[in-house]
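Structure, as structure tokens:
The values are calculated or read from the model by the stated rules, or taken from the named source; none is laboratory data. Everything numeric here is computed off the predicted structure, so don't read it as measured data. Virtual Cβ from ideal backbone geometry, glycine too; neighbours counted across all protein chains shown. The protein model used for the area step is the full one, side chains on, heavy atoms only, and it has no ligands, DNA or RNA in it. Shrake-Rupley method; radii C 1.70, N 1.55, O 1.52, S 1.80 Å.
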Amino acid sequence: MKRIVILGGGTGGTLTANRLRRVLPADETSIVVVDQDDVHVYQPGLLFVPFGLTHPDDITRSRRRQLHRDIECRTSPVDRVDLDADTVHLADGATLPYDVLVVATGASLAPEETEGLTGPGWMEKVFTFYTPDGASALAERLTFFPGGRLVVNVVEMPIKCPVAPLEFCFLADWYFQELGIRDRVQLTYVTPLDGAFTKPVASAALGGMLEARGIELVTEFNTGSVDGEGGRLVSWDDREVPFDLAVVVPVHNGAAYVANSPGLGDELGFVPTDEHTLQSKARPNIFAIGDAAALPISKAGSVTHFEGEVLVENIQRFLAGRSLDASYDGHANCFIETGFQKAMLIDFNYETEPLPGHYPGRHGLPLLKESRLNHLGKLLFQSFYWHSLLPGHDLPGISSAMPAQGKDRPRADQKEARAS
Amino acid sequence: MTTTTLAGMEIELDDEGFIVDPERWTEAMAADLARHEGIDPLTDRHWQVVRFMRCEYEAKGSGPTVRVLGKTSGVSVKELYQLFPRGPAKIAAKIAGIPKPRGCI
């Protein structure tokens, strides 16, 4: 009997377990999924909570109930992984020996790492919408916001869903217009990056959208401390941005047990992983998927989804003693909600930055362009998530590899003009 | 792309001032690169960070971010900003002759 232990029952752990259960007979391979609780949050939904467009109850389900009945579920925090003994130690004292380990415990927020962030004013004037509690508290605060300076701040990369704080800005612009008080709200986006986004074509497009909406952009701001009482962000190089209400995306780390498992993770608790096979660099029988992996691509649900296919193939190959399939290309795909029932879509991978065009082919959804169709796509995605993505069903026309067709590539001369 | 003279050698720099080929960097070039960033002289504390960046790059293929530097270089984030006021990860990478840290995706 082979034993597969999957740490984390979120997007990556659930879809991996369900896909593996379908291809590996239950009398030959046991699959165990471990998580510290039974609360599976549809994380893209958190963005909509502050604006009263959804409620945490509507984006939350049982983790267990998303898993095939022939998968064992354990609810306990993980204490540590003993890499030399191929054993997971749970906080409840149990031990789980494994033939293959999958690390799928995502990223965790560390607001306490930024001076003052969780001090006076936290959850009163300073919020995050990256947790259900934070998003709910912010919803209440926005309802009674009389106007003033609203600052959206990313403390440091990497963060989950790098477009989410931009989407928050666009939705805030829409929300205050609907309330009729947009002229009394000063919106500012404060980022450590040197532009609105990381990749040039998308950064220019998104930067232009901030400008068109009258949202101020402050770049290369590395937040050193947050003064909730005095209402100001202070950077390490002593610049200040004043606020009446701050929406902060705190720094992210890997799961706490990674730091407690010598040899498994990097300085931040993410697992160094081969970019194309998803095998960890720690041990050949350890794999990582989703936000938990240290890979040069966005931490996003779509990345996890596209990684799943390659990961499941490689776990089968590893168990059979065959060489691994190095085909994950860094494919990522994100809907960007832009307010007024519209959204943009971006599609990219390790090599290709987000470009205009259509997805998944010439007649698909418009890329890097606002449209109602993309907004509908974003709304419909939640149902797809619970009913297709987590159970591990393939969607016709949607492949793990990034489609090259449908994208408008900049001509070589335009590329040069941009670089100079 | 521009060409400049560092420690008596002709060296190619990219548009942001990073050495195009990290293999050509020598410790003798660091002082010239630092002066360009308004840092003069390079103290032992600067060197601790620059050498650390170089080691990390050679081991991992990419320079660390400020937070990782603060956790692992033996120099606190506060001091890193005192040493390299215009952005420690970027400026120290430039002086160490390694590519711009790609920590942000």
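Within the stretch A:187-208, is there a residue that is hydroxyl-bearing (Ser, Thr, Tyr), more than 14 Å from chain B (Cβ to nearest Cβ) and in contact with a helix residue (DSSP H, G or I) (Cβ under 8 Å, 6 or more places away or on another chain)? Give the derivation first.
We begin by selecting, within the stretch A:187-208, every residue hydroxyl-bearing (Ser, Thr, Tyr); these are A:188-189, A:191, A:198, A:203.
Next, from what is left, pick out any that are more than 14 Å from chain B (Cβ to nearest Cβ): A:188-189.
Still in the running and in contact with a helix residue (DSSP H, G or I) (Cβ under 8 Å, 6 or more places away or on another chain): A:189.
Checked against the condition, which is being hydroxyl-bearing (Ser, Thr, Tyr), more than 14 Å from chain B (Cβ to nearest Cβ) and in contact with a helix residue (DSSP H, G or I) (Cβ under 8 Å, 6 or more places away or on another chain), the stretch A:187-208 yields at least one hit.
For the subset of the stretch A:115-138 comprising residues that are in contact with a strand residue (DSSP E or B) (Cβ under 6 Å, 6 or more places away or on another chain) and open to solvent by less than 20 Å² (accessible area, probe 1.4 Å), which member is farthest from the other protein chains (Cβ to nearest Cβ)?
Across the stretch A:115-138, the extreme among qualifying residues is A:LEU138.
Run A:VAL234 past the list (1) among the aliphatic types (A, V, I, L, M); (2) touching a residue at least 12 places away in the same chain (Cβ under 8 Å); (3) within 12 Å of chain B (Cβ to nearest Cβ) and report the number of the one that doesn't hold.
(2)
For residues in the stretch B:63-105 being part of a loop (DSSP other than H, G, I, E, B), under 15 Å from A:GLU267 (Cα atoms) and within 8 Å of chain A (Cβ to nearest Cβ), which is modelled with the lowest pLDDT?
The extreme case among them is B:GLY103.
Counting just the residues of the stretch A:76-114 that are assigned to a strand (DSSP E or B) and under 15 Å from A:ASN253 (Cβ atoms), which one comes out least open to solvent (accessible area, probe 1.4 Å)?
Going through the qualifying residues, I end up with A:VAL103.
Look at B:LYS60 and say whether it is within 25 Å of A:GLU112 (Cα to Cα), open to solvent by 70 Å² or more (accessible area, probe 1.4 Å) and facing chain A (nearest Cβ under 10 Å).
In short, no.
Can you work out which of the residues in the stretch A:295-331 that are without any contact (Cβ under 8 Å) to a residue 40 or more places away in the chain and hydrophobic (A, V, I, L, M, F, W, C) is least open to solvent (accessible area, probe 1.4 Å)?
A:VAL303
Considering only the stretch A:260-281, state which residues are out of contact with any Lys or Arg (no Cβ under 9 Å at 6 or more places or on another chain), more than 14 Å from A:SER400 (Cβ to Cβ) and either away from chain B (no Cβ under 14 Å) or in a helix (DSSP H, G or I) (or both).
A:GLN279, A:SER280
Any residue in the stretch A:365-383 that is surrounded by 13 or more Cβ atoms within 10 Å (Cβ to Cβ), in contact with a helix residue (DSSP H, G or I) (Cβ under 7 Å, 6 or more places away or on another chain) and part of a loop (DSSP other than H, G, I, E, B)?
Within the stretch A:365-383, one or more residues are surrounded by 13 or more Cβ atoms within 10 Å (Cβ to Cβ), in contact with a helix residue (DSSP H, G or I) (Cβ under 7 Å, 6 or more places away or on another chain) and part of a loop (DSSP other than H, G, I, E, B).
Of all residues in the stretch A:1-42, how many are open to solvent by 20 Å² or more (accessible area, probe 1.4 Å), under 29 Å from A:LEU379 (Cβ atoms) and either of a type in the set (Ser, Thr, Tyr) or out of contact with any strand residue (DSSP E or B) (no Cβ under 7 Å at 6 or more places or on another chain) (or both)?
Total meeting the criteria: 3.
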